[in-house]
Amino acid sequence: MPTQRLTDLPDNVRHLIEKASGSRVVDVGTINAGLNSAIAARVTLDSRTLFIKGLPLNHPRVWTQTREAQVSPYVLGIAPRLLWHAEADGWSLLAFEYIAGAHADYTPKSPDLPQVMASMIQLSEIPAPALELKTMPHRLRTYVDDPADLSWFAGNHLLHTEWNPHNVLMTADHARFVDWGWASIGAAWIDPALWLLWLIAHGHTCEQAENAASDHPAWDLAPARGLDALARTQHRLWDSIADQSPDDWAKPMQAAAATWEAYRTR
């Protein structure tokens, strides 16, 4: 479920930012993209500009803030640098270096796609960190008919898993990935497979989307039965998300997941 976004920083949040940064807040610009943070803002200080994201400490997904802080040191160069993580006054805040960039364009023939893939390949080369991250078999366990299907998703690779184009910033030289709260461990081919669903939702055919995903070296290791099983789980997952969503933001992904499953089982 999306988290309601605040349009103004509460005074206690502003004070927490100033205390953690050691600098005065000069200007605040709310960032509307994204679904998971109560606060997402460009904050200009006396000394620099930050990107701040935050959740109340009593929010059911506040653990994603801690997860993102834990993963951040391992993804330097692929993600913006985390400067600090503060929990006080009822809030969990993450402060990142501010990177100006447009969100990725996932439409067919987009010039962003090769850069997104290049950064995804770079991610696949990072050894899985010694953190207690969720595994993909664990995350998908409620979306399988046959528990044996979960074995296809096991692996020891660090995965981003959340390929909404709002989580991909295009800079002058490469793609940067943000929002690592759902980073997980699993088979390396899962990230390009999850990415292709977003490509389908943005106008690719299933064949075009799988061809784009096949540029990832791990795609050649993806077992056909594993891809079939993932397509089934994603259809059920997005059906569940769409059923619980109060608006239509998930409908394109629900349709994409249904289309991919039908393509895999034709």
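The values are calculated or read from the model by the stated rules, or taken from the named source; none is laboratory data. Since the model is a prediction, treat every value here as computed from it, not as a measurement. Note that we place each Cβ from the backbone using ideal geometry, even for glycine, and neighbour counts take in every protein chain shown.
Quick look at the numbers
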quantity: Total residues in the range 93-151, condition crowded, with 17+ Cβ neighbours inside 10 Å and of a type in the set (Lys, Arg); calculated: 1
quantity: Given (1) among the charged types (D, E, K, R); (2) within 30 Å of Ala130 (Cβ to Cβ); (3) in contact (Cβ under 8 Å) with a residue 12 or more places away in the chain, number of the condition Asp220 does not satisfy; calculated: (3)
quantity: Test: residue in the range 43-61 that is surrounded by fewer than 17 Cβ atoms within 10 Å (Cβ to Cβ), at pLDDT 90 or above and among the acidic types (Asp, Glu); calculated: yes
quantity: Residue match in the range 1-23 (condition: of a type in the set (Val, Ile, Thr), at pLDDT below 90 and on the phi < 0 side of the Ramachandran plot); calculated: yes
quantity: The range 233-253 - residue that is more than 17 Å from the chain's Cα centre (by Cα) and outside any helix (DSSP H, G or I) and, of those, nearest to Trp198 (Cα to Cα); calculated: Asp248
quantity: Residue match in the range 194-209 (condition: in the same structural domain as Ala255 (by TED's automatic domain parsing), in a strand (DSSP E or B) and closer than 30 Å to Tyr98 by Cα); calculated: no
quantity: Candidates Asp191, Asp220, Asp215 - the one that is under 20 Å from Ala258 (Cα atoms) and either at pLDDT 95 or above or not β-branched (Val, Ile, Thr) (or both); calculated: Asp191
